[in-house]
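Single-structure report; data block below.
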Amino acid sequence: MTHAADDSYGLAVVEDVGWLRVDDPSSPGTVRRRLVELARQVGFSETRTGEVGIVATELATNLVKHARDGAVLLRLLRSDGVGGVEIVTVDSGPGMRDPRAVFADGRSTAGTLGIGLGAVARLSSRYDVHSAPGHGTVVTATLWPAGVEVSPEPAAGLTRVMSGEEICGDAYAVRSVHDGLLLMVADGLGHGPLAARASSEAVRVFRESTHHSPAELLRELHRALQPTRGAAIAIGHLQPRRALLTYAGIGNIAGRVVDNGATKGLVSHPGIVGHHARVPRSLVYDVTPTSYVVMHSDGVRDRWDTAELPGLLNHTPLVVATSILRDAGVRPDDASVLVAQVA
């Protein structure tokens, strides 16, 4: 379970329920059943649940027919006591030059219900799509109950468990504060349940803390994680009005500020939060309204380049995070990516 934020701070709580491979004709049925179950779990009406099923079927069938290495992430959302569901589809090719065109009503992909991917745009509360020839396509569709409007999130993350494990040792969290956002990525030492215990404890303490300073938060987390294996953790305090990012990290969490293809690395120091860590020190970085802040665990190689994906930085943080995970994620390790948009 991964919490992206706490609704007591005005942001949605996000749970990554699980990834599903989509590689044979039976896969869309599995994706539809799982997402429909989640919609019923959070109290969707029968009509809205049926619409969830249509969106799931169209997206998964499109992967089977046209994609390569297709996968789906299913997510549960909660905001102000209201539940929602989200589906993220990702593949490694062949990509499309004009992905928005296939989401127009009346356009049907081969072998689907005949409703077409236009139904995804029409039935979703919010959707986004990015595609690049030779790289693949990412689609996100968020569905809230009929009549419910929830503002787009300024930050989004996702996790993927390593092959052979059932629970992810990585976690991320976002907290809204009076002058911006607090961002955290935690990578529990090792893998499996004990790693997940460390990262989950980091999320709990981060969400309940009254500190805003990344360095102070790391000190608090260091004390709290002593009974656990410990974790690599980085924390950023993004202040859009001041155009500043204050950042502190211990361990192998990578961070960058990305702006129109230019990147600036964020410094983390060696150590393990909860065990062997130097006194944390915050550094301050300039950002601009067009900047994105990207943080990820070492389950993601640090050689990704958003410039290789034209137009990516015109999309939502979730699409950016998913694209980075697809292109740079390492299968033999847990992986997590968190992306925040300054403006």
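The values are calculated or read from the model by the stated rules, or taken from the named source; none is laboratory data. Quick caveat: nothing in here was measured; it's all calculated off a predicted structure. All Cβ positions, glycine included, derive from the backbone under ideal geometry; neighbour counts span all protein chains shown. These accessible areas exclude ligands, DNA and RNA; they are computed on the full protein's heavy atoms, side chains included. Shrake-Rupley method; radii C 1.70, N 1.55, O 1.52, S 1.80 Å.
Annotation note: Cβ proximity below 9 Å between a residue of region 19-44 that is on the phi > 0 side of the Ramachandran plot and a residue that is open to solvent by 70 Å² or more (accessible area, probe 1.4 Å) and not in a helix (DSSP H, G or I) (sequence gap 6+ or interchain) occurs for no pair.
In this structure, does T89 turn out to be modelled with pLDDT under 75, of a type in the set (V, I, T) and open to solvent by less than 30 Å² (accessible area, probe 1.4 Å)?
On the way: modelled with pLDDT under 75: no; of a type in the set (V, I, T): yes; open to solvent by less than 30 Å² (accessible area, probe 1.4 Å): yes.
No, not satisfied.
Here is the figure for region 16-74: residues that are over 19 Å from D128 (Cβ atoms), buried (at least 24 other Cβ atoms within 10 Å of the Cβ) and among the small types (G, A, S) total 1.
Confirm whether L221 is within 23 Å of H269 (Cα to Cα), open to solvent by 10 Å² or more (accessible area, probe 1.4 Å) and modelled with pLDDT of 95 or more. Break it down into steps so the answer makes sense when it comes.
Values: within 23 Å of H269 (Cα to Cα): yes; open to solvent by 10 Å² or more (accessible area, probe 1.4 Å): no; modelled with pLDDT of 95 or more: yes.
It is false that L221 is within 23 Å of H269 (Cα to Cα), open to solvent by 10 Å² or more (accessible area, probe 1.4 Å) and modelled with pLDDT of 95 or more.
Restricting attention to region 273-291, the residues that are under 25 Å from the mean Cα position of the chain (by Cα), surrounded by fewer than 23 Cβ atoms within 10 Å (Cβ to Cβ) and within 30 Å of M162 (Cβ to Cβ) add up to 0. Summed over region 229-272, the residues that are part of a strand (DSSP E or B), of a type outside the set (V, I, T) and open to solvent by 40 Å² or more (accessible area, probe 1.4 Å) give a count of 3.
Of all residues in region 285-306, exactly one satisfies the criterion of being over 16 Å from T322 (Cβ atoms), of a type in the set (S, T, Y) and assigned to a strand (DSSP E or B), namely Y285.
Residue check: is E37 assigned to a helix (DSSP H, G or I), out of contact with any Gly (no Cβ under 7 Å at 6 or more places or on another chain), modelled with pLDDT of 90 or more and acidic (D, E)? Show your work before the answer.
Values: assigned to a helix (DSSP H, G or I): yes; out of contact with any Gly (no Cβ under 7 Å at 6 or more places or on another chain): yes; modelled with pLDDT of 90 or more: yes; acidic (D, E): yes.
Taking the combined requirement at face value, the residue satisfies it.
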